[in-house]
Each structure stands twice: as structure tokens, then as C-alpha cells.
There are 2 protein chains.
Amino acid sequence: MTTTGPGRPRKQQPSRPGATARDEILDAAAELFTTQGYANTSTRSIAEAVGIRQSSLYHHFSHKDDILEVLLAGTVAGGLAFARTVCALGDGDRSPVAAAARLHAVALYDGTQLCTARWNLGVLYNLPEARSQRFHSFMADRTELRGLYQRLGAELPATGWAGTSQNGDLAFRLVESLVSLRADGLNTPESPLQAADAGIVLCGLADSLAAIRARSAELVTSMG
Amino acid sequence: MTTTGPGRPRKQQPSRPGATARDEILDAAAELFTTQGYANTSTRSIAEAVGIRQSSLYHHFSHKDDILEVLLAGTVAGGLAFARTVCALGDGDRSPVAAAARLHAVALYDGTQLCTARWNLGVLYNLPEARSQRFHSFMADRTELRGLYQRLGAELPATGWAGTSQNGDLAFRLVESLVSLRADGLNTPESPLQAADAGIVLCGLADSLAAIRARSAELVTSMG
């Protein structure tokens, strides 16, 4: 039974994904930040969207920027963990196809996360707020992820038009461009694969793309 | 001589680029929007940054969103005008090199604008506010520009790994990725050319890149 008034318990049937009130707060905040804007969203409006009191929200998060910190971290956490594991594997097969498959798999996995997350939180990356010292931990993760792309790109043969120096960074940029593509409503289920493929083509390995794709799919499946 | 108090005249020596108070307002707003955030910037703080009274600002712009509209339009105006002219030329030489040079020149010109504008206003593209109906005119311009990239890409031979369907859009995305690159402090004077080159490589024309670059440079010079 649902009672009303200041002492009412949290709704019995959560309307949002997540097992806990904390998950529901994060989901509501992600929706509001990406649809109304970060600065335009108050903790009060987040609490209202969850159906809890503002004081209950403060039990989980002291400040709105604590919520943003968790959400931003979530946009890179999966891709970063995957890339770290793939880079740790890198001492094995050093053939061009195997090396390119590692970069392709990271791009595909990372891009899939960006495209299939419930909210397109990457639209917040370029916010001046997100680039403040307050969120240095997120930016450090994103910088590490970018560095892993660069490292994987540097392990490829110098077949690309720009040598190997741009291989990884262009793949990273193509993957991040999925955020805008999604914001524009132009992404399709194939978009993450297209971004990963394009990254490989820029490495000068278009002729081996089918073999690279197959090896990349194995990597994603074995680690997913 | 500068007097103080409510009736003081505008400073004799403008501290910002622009011949007029309107230009100074736009410059101050661009700085504040890109460094503090759009929602966090008030018309009062813009007026203060220019050194004029808020009432004087309202003489030029009724609302803060009128300022954003002008600034967003400015980020695509140059590239769009250039792309329209290039597309109008398109009935001439239909050789692959000439067609690719048109796409390359548009990407190079557009990317140079994004990288050399005084403020990196592209960071505002993904703001939920910028995607509201209020700014449909900007989004219509950006959509037209994207469409011109796509049209130029579709005129190329089907040598790319994805046929011609993605040629123009991937070039557009690589150029827009310069906005994030700049926000990350990683752009160099070569970045716009690298983005344009990468767009051509994705079209499968890496072998003709030197000729395409030369022809593109002629186009930019003749129209710049």
C-alpha cells in the first residue's frame, strides 16, 4: 500500500531499471542530464523523477556532481576494462591481422557500449563542467582509454597513409563520433562495426578486413 | 577618461575583437559559454565581461538564446557557404581526383574553421538546449552541410570499403571530431588536413591522395 505525505516509503514498483534506489537515481539523473542539460537539472527534480524525497537522494549522493561523476565513469568503464585486458593479451600473436583485430575489437566493444547504453551520456563529454578538475578521475580514465587505442595502433605495420602515428587516435575519434551520430538520431545497429572497420581501413589494412573482423569477433565473444 | 557608476560610457578601448558592441557581446558570450557552460552564463555576466550595462546588452539581444543562435550559426556558415559553392562547381570535371578534391576541400575548409575560430563553439553542439526547436535554424544548416558532404561522397567511384554510402558522412564525422580534439588540447595546425585526408582514405583513394590534395588546395585558394 502506498501512503502519501512526507513519510511515505519508496514506491513498491520501481519505474526505472536498477535493483536499488541508487540505480534509480542514476537512471533518472542520466535522463534529465541528457535531455534537459546538466546545469538545468536540480537534485530536487532528480528526486521527483524517482519518486523519492530530496533528503533521501542526499543519503546516496551529497552533491549533483557526485552523480555526474558516477555517470561519466560508467561511460568509459566497460571499454577501458576491455581494452586493458586486450592489451594484456597483446604479447601473444604479433601478426598484423591479430594486432589489428585487437584494435578493432576494442573499438567495436567501446562503440557498442556508447550506442547501446540506455542514455547517450557522451553528449556531456564536451561540457565545460565535465572538463573541470572535479572530474579529473573520469578524464584520466578517458585519457587512459585513448592511450590504449594509440598503443594498439602503434603495434600495426606502417601501412596506413600517415604511418602508425595516427592509427589509434583516429579509431578513438571515430568511435567517439558515435555519440554525435546517436544524438542526431542517425545511428544504426551497424554503426559501431562501421566505426571499427573505418579505423582499420585508415590503418591501411582494408584488404585484410574480413580476417580482422572474424578475429575481432572471436575476441569480443571470448571476453564479453 | 573613464567614469564609474551606472551612467558610465562604454570603454573607449574595446578589450575584445570586433568593431561593434554587438561583436564584443558575441565574443564575451562565446568565451563564457565555452568555458563556464551555457546554462551557467547569465546575460548579466556577459554584459559585465564586455563592460556594458545589462540594459545595453538587451538593446542588441532580447534573450540569451538569441546570442547562442547567432554563435551556433557562425560555426557552420563559412563551411556551408564554401560547400554550396563547391557543389555548384561539381558539374565540371567528373574525374575521381576532381570529385575527391571537392570533398577534401570542403572538409579542409570546414575543419580549419572549427579549429581556428577564436572559441571552440562546437562543444555546444551536443547540448540538449542546442537540439531544441529554438535552434532549428542552426540544425537545418548543419543538416544541409552534412548532406553536401554526403552528396560529394556519393559522386566518388565505389572504391571505398563500404561502397559510396558512407563516404561523405564519415568525412563529416572526422571533421566534427576536431571539436573534441581541440577541447582535449590535442589539435595541431595539421589536424584539419589530417581529417580531410582520412576522409579520402576511407573513400578508397589513398593512392591518389597527393593529386587530390593538390587539387583541393587549388580549390581552397581560388575560393578562400
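Of the helices (runs of 4 or more DSSP H) lying entirely inside region B:20-122, those containing at least 3 residues that are within 21 Å of residue B:174 (Cα to Cα) and assigned by TED's automatic domain parsing to the domain that holds residue B:172 span B:64-89, B:96-116. When you scan region B:193-213, how many residues do you find that are surrounded by fewer than 23 Cβ atoms within 10 Å (Cβ to Cβ), assigned to a helix (DSSP H, G or I) and touching a residue at least 24 places away in the same chain (Cβ under 8 Å)? Selection size over region B:193-213: 4.
Residue check: residue A:133 meets all listed conditions (1) without any contact (Cβ under 8 Å) to a residue 60 or more places away in the chain; (2) within 13 Å of chain B (Cβ to nearest Cβ); (3) on the phi < 0 side of the Ramachandran plot but one, namely (2).
Looking for something over 21 Å from residue B:27 (Cα atoms) and buried (at least 23 other Cβ atoms within 10 Å of the Cβ) - is there at least one such residue anywhere in region B:112-121? There is no residue in region B:112-121 that is over 21 Å from residue B:27 (Cα atoms) and buried (at least 23 other Cβ atoms within 10 Å of the Cβ). As a summary of the residue check, residue B:108 satisfies the conditions (1) within 14 Å of chain A (Cβ to nearest Cβ); (2) in contact with a Ser or Thr (Cβ under 9 Å, 6 or more places away or on another chain) except for the one numbered (1). Consider region B:13-37 and keep the residues that are out of contact with any Gly (no Cβ under 8 Å at 6 or more places or on another chain) and buried (at least 19 other Cβ atoms within 10 Å of the Cβ). The one that is nearest to the other protein chains (Cβ to nearest Cβ) is B:37.
Cβ-Cβ under 8 Å, sequence separation 6+ or interchain: first residue in region B:154-183 and not assigned by TED's automatic domain parsing to the domain that holds residue B:202, partner open to solvent by 30 Å² or more (accessible area, probe 1.4 Å). Which pairs? Within 8 Å, no pair qualifies. Among the numbered conditions (1) surrounded by fewer than 16 Cβ atoms within 10 Å (Cβ to Cβ); (2) touching a Ser or Thr at 6+ places or on another chain (Cβ under 9 Å); (3) assigned to a helix (DSSP H, G or I), the only one that residue A:157 does not meet is (3). Scoring residue A:222 on the criteria (1) over 20 Å from residue B:188 (Cα atoms); (2) touching a residue at least 40 places away in the same chain (Cβ under 8 Å) leaves a single failure, condition (2). Just one residue in the set A:173, A:142 is within 10 Å of chain B (Cβ to nearest Cβ), within 15 Å of residue B:199 (Cα to Cα), basic (Lys, Arg) and buried (at least 18 other Cβ atoms within 10 Å of the Cβ); that residue is A:173.
Tell me, yes or no, whether region A:167-187 has at least one residue that is more than 22 Å from residue B:124 (Cα to Cα) and not in a helix (DSSP H, G or I). Within region A:167-187, not a single residue is more than 22 Å from residue B:124 (Cα to Cα) and not in a helix (DSSP H, G or I). For region B:160-170, what are the residues that are crowded, with 24+ Cβ neighbours inside 10 Å and more than 10 Å from chain A (Cβ to nearest Cβ)? B:167, B:168 - these are the residues of region B:160-170 that are crowded, with 24+ Cβ neighbours inside 10 Å and more than 10 Å from chain A (Cβ to nearest Cβ). The set of residues from region A:36-52 being within 25 Å of residue B:124 (Cα to Cα) and touching a residue at least 12 places away in the same chain (Cβ under 8 Å) comprises A:38, A:39, A:41, A:42, A:43, A:45, A:46.
The values are calculated or read from the model by the stated rules, or taken from the named source; none is laboratory data. Quick caveat: nothing in here was measured; it's all calculated off a predicted structure. Heads up, the Cβs are rebuilt from the backbone with ideal geometry, glycines too, and the neighbour counts pull from every protein chain shown. We work out accessible area using only protein heavy atoms, side chains counted, and drop any ligands, DNA or RNA first. Shrake-Rupley method; radii C 1.70, N 1.55, O 1.52, S 1.80 Å.
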